[in-house]
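Remarks on the structure that follows.
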């Protein structure tokens, strides 16, 4: 077998594995039924699924003769940005009480998403609790 | 001498990283591109250092490299485990849990890397930091033993990061 055949088989294998993981991620996104568990699906797709597709792309461009390293950069930027968006979605669902309320942290007062400045703590049904501004 | 060095290069590793990213963006290596990358790597950290005053001083590159390799391996293993959970565990039997990880790390960079690692390894998502930064809130997709998950995060990732950012 020549090198070309081996690399094209390897490319196909990488594409296959990557597609399977992306499919599983999509199934997880559909199957789970609350925002926090759903959040776990995209982190899978973002890591191994995309990683395998990019590996396939590297192998393919290598077999065509002009090896490309852009995929490594795509990978690096994805790994840096994916946790931040996941963190934002988690914060939103904590803030909107869309999930179970998290336990209180042991050493500090509260989680930073839930901490409200004193002057903003207004309970709508009870106008008496409004802080008086001097 | 060191003051002059840190004035010119407030973040030496960032300089190196920017140069490498520039060369990778060009997709071909030439001396001119390397020099231009280094110039960018000096100018960008120097221009933005006002907004980023604390340089992490003790950063160990070798340990960071082995940490990255370990995390890659963990991502692959955990991906297969979570794919199995998604396909086989029905919703009613799923046991998601919040776990609270008390932090011993203090540097913001180290906490960021830890939170990123936790999110990238499938099955756990770091959700929030406590208001004074002493504990990290982590959501686990499916676990029978939240204590064990917390111990794993503390021994496997946090202990290593403490050595890297010492």
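FYI, it's all coordinate maths here, none of it is from the lab. These numbers come from a predicted model, not from an experiment. No Cβ is skipped: glycine too gets one built from the backbone with ideal geometry, and neighbour counts run over all protein chains shown.
Values as computed for the structure displayed
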| quantity | calculated |
| --- | --- |
| Selected from B:29, B:59, B:13 as most flexible by GNM, with chain B as the system and alpha-carbon contacts under 10 Å | B:29 |
| Nearest 10 degrees, 0 to 90: helix B:108-120 Cα axis against chain B principal axis | 50 |
| Mean ellipticity per residue at 222 nm, deg cm²/dmol - from DSSP H runs of n ≥ 4 across chain A, formula -39500 (n - 2.57) | -19500 deg cm²/dmol |
| Ranking of B:75, A:48 by count of other Cβ atoms within 10 Å, fewest first | B:75, A:48 |
| Percentage relative contact order, chain A, counting C-alpha pairs under 8 Å, at least six apart | 22 |
| The range B:108-157-the range A:27-69 distance, computed between alpha-carbon centres (Å) | 22 |
| Footprinting exposure proxy for B:126, B:135, A:61 (fewest neighbouring C-beta atoms within 10 Å first) | A:61, B:135, B:126 |
| Solution diffusion estimate, µm²/s, Stokes-Einstein, chain B, Kirkwood Rh from C-alpha pairs, 25 °C, viscosity 0.890 mPa s | 133 |
| Shielding score for B:139-145, defined as the mean number of other chain Cβ atoms within 10 Å | 4 |
| Per-residue average of Cβ from other chains inside 10 Å of A:20-30 | 3 |
| Average beta-carbon neighbours from other chains, 10 Å sphere, peptide B:79-86 | 6 |
| Residue with peak Gaussian network fluctuation, chain A [Cα springs, cutoff 10 Å], from A:90, A:26, A:76 | A:76 |
| Residue of B:48, B:112, B:155 that the Gaussian network model of chain B assigns the largest fluctuation, springs spanning Cα pairs under 10 Å | B:48 |
| Distance histogram in 5 Å bins (all Cα pairs of the range B:1-79, percent per bin) | 3, 14, 17, 17, 17, 16, 10, 4, 1, 0 |
| Acute angle (nearest 10 degrees) that the helix B:61-88 long axis makes with the longest principal axis of chain B, alpha-carbon atoms | 30 |
| Footprinting exposure proxy for B:157, A:62, A:9 (fewest neighbouring C-beta atoms within 10 Å first) | A:9, A:62, B:157 |
| Convex hull of the protein assembly as shown built on C-alpha atoms - directionally averaged projected area, nm² | 22.1 |
| Folded to 0 to 90 degrees: helix B:12-26 orientation relative to chain B principal axis, Cα | 90 |
